[in-house]
Amino acid sequence: MEKMTLVKNLAKKIICAAPLSVELSGNFKLLFELFSPSDKIIQDWVLRQTDFFSENDWEEIQLIKLKKILIHAGENVSYWQKLFKEINFNPETFKDFSQLQKISPITRAEIKKNPIEEFTAENISRWRFREAITSGSTGEPLKFFQDLRDNLRREVNTFHELRYAGASYRDHIAVLGMESHHDLNNFGRRFGSAEWGDDKFRQSVIYPYLKLKPATLIANGSDLRRFLFLTRKEAPDVIFKTLMYRGEHIRESERDNISRFFKCPIFTNYGSRECSLLGIECEYHKLHLAPWMNYFEIVSDDGKAVPDGQEGNAVVTFFENFVVPFIRYKIGDKAAINSELCFCGRKSKIIAFSGRESDFIKFPDSSKSLSILDLARRIDENYYNEIRQYQFELRSEKLIVFRYIPNADLTETEKKRLSGLLEEALECQFHVVLEETAAINPSAGGKTQILIRNL
Ligand SMILES: [Zn+2]
């Protein structure tokens, strides 16, 4: 018994601190690179201990981690420094979750009103910065910096995610696409988007690889569906051990069908570019929060706390980005916290999250369709400087209007390039019309739709 308490306390201490490789390397990138492989082993050991943490353990950890990021932001990030002064909030005296209510939730649009430097800590060495752009599920691309400290955690979280699903990093693993998910670089075998989309490559490389032994397949939601559809037709004898997807949501009924057809379980996780891992699905198919990564709240539209079981806006304070701290950040999803305990025995909270369902644009002349989040990603990656917000409107079976608010006027050449990019992504099956506008209004539900249909 005593030994267990000792182990638990040690794990708690480590989880509350920065990863050891960050702590020990100071300003030296080389030291970080030297320490991080063994640090990953330590952090992985710690996460395995968290399966035995009680609700009180988690609260204790979250208070410590919250206080750390609040103090850091108040001292080193000019936006938070000014705001805390304005609202008379002193992070040094923080000791109760309810004190957080003083800070109003902030949206992506509000962050975008200021230069990102306002949100960037001045005391963190540049080598920890990793530039990232969110795939705007609300059509508002945001460029910011991730912290390498979080990237180390992302990788370790992936081990944990596999364990929750009853899989292992030792499995025969195939990763499709997801080029921007660096945490998957060291797992199994990666097949790029262009590779798995190619008929010959699938036949000559991917299917033979999958036939070696049952594999754990990891992809984003829409790619997984498409790939499984192809596999069913082209290689019906392929057997999977586990299917895992991220990003886009797959409906419950479709998940059941997939799971039944391939005779294997299917799992997802919940995360965001800005706030990393938010939830992991366990073997009982419940989505557990990740309390070592963030403090997750559900609030109403006017910012008040919502009781357990009721749906509201997800608001996240992320512990692991010290470069650009996200504090009470409205990630743009609706969710509800469920206070029930899960049969798997873990005491972390469970959430109900209806998911970011990706809408699809169906091509008129073929059976293909394109995920709107895929299309949004291409706009985000190429036009985050030029375009502040955008929306697609499907006006007829073959006509798409791309409405956008520019940051500065686009030249004729730039407009041509933008049309070209859209037409190419839509395989020239649609006529694309650009429409510059001053405002894009949210729909009745309050959320700005990235795709509307006016057929
Ligand atoms: Zn569970």
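What is the dipole size for the stretch 360-453, taken about its Cα centre, with +1 at each Lys and Arg Cβ and -1 at each Asp and Glu Cβ, in debye to the nearest 20?
Roughly 340 debye, rounded to the nearest 20.
Give, as a single signed number, the net charge of other residues whose beta carbon lies under 15 Å from the beta carbon of Pro265, with Lys and Arg counted +1 and Asp and Glu -1.
That works out to -1.
I'd like the antiparallel share, as a percent to the nearest 5, of DSSP beta bridges with both residues in the chain. Before the final figure, lay out the partial values.
On the way: 40 of 66 bridges.
Antiparallel bridges make up about 60 percent of those DSSP assigns within the chain.
Going by the alpha-carbon gyration tensor, a ≥ b ≥ c the square roots of its eigenvalues, is the stretch 207-306 rounded (a/c under 1.5) or, if a/c is not under 1.5, prolate (a/b greater than b/c) versus oblate?
It is prolate, given that a/c is not under 1.5 and a/b is the larger ratio.
Can you tell me the mean projection area, over all orientations, of the convex hull of the chain's alpha carbons? Units nm², please.
Across all orientations, the chain yields a mean hull projection of 23.4 nm².
With a ≥ b ≥ c taken as the square roots of the eigenvalues of the C-alpha gyration tensor of the stretch 1-100, please select rounded if a/c is under 1.5 and otherwise prolate if a/b is larger than b/c or oblate if it is not?
Note, shape of the stretch 1-100 comes out oblate.
Sort the stretch 360-453 into rounded, prolate or oblate with this rule: let a ≥ b ≥ c be the square roots of the eigenvalues of the Cα gyration tensor; rounded if a/c is under 1.5, and if a/c is not under 1.5, prolate when a/b is larger than b/c, oblate otherwise.
Taking the square roots of the gyration eigenvalues as a ≥ b ≥ c, the stretch 360-453 is oblate.
What net charge is computed for the residues neighbouring Phe144, neighbours being all others with C-beta under 9 Å from the C-beta of Phe144, Lys and Arg scored +1, Asp and Glu -1?
In short, 0.
Hey, what do the phi angles of the stretch 154-163 turn into as Karplus ³J(HN,Hα) couplings, whole Hz, using 6.51/-1.76/1.60 and θ = phi - 60°, x for Gly and Pro?
Rounded to whole hertz, the list is 4, 5, 5, 4, 5, 4, 5, 4, 4, 5.
Based solely on its DSSP helices, what 222 nm [θ] is calculated for the chain when runs of n ≥ 4 H residues each add -39,500 (n - 2.57) and the sum is averaged over all residues, nearest 500 deg cm²/dmol? Present the calculation step by step, with values, prior to reporting the outcome.
Working: 13 runs with 156 residues, N = 455.
When only DSSP H runs of four or more count, the value is -10500 deg cm²/dmol.
Quick one: 3J(HN,Hα) in Hz for the stretch 341-351, Karplus 6.51/-1.76/1.60 with θ = phi - 60°, rounded, Gly and Pro as x.
8, 8, 5, 6, x, 6, 9, 5, 5, 10, 10
Here, each number is a calculation from the coordinates, and none is a lab measurement. Keep in mind that this is a model prediction, so the values were computed, not measured. Heads up, the Cβs are rebuilt from the backbone with ideal geometry, glycines too, and the neighbour counts pull from every protein chain shown.
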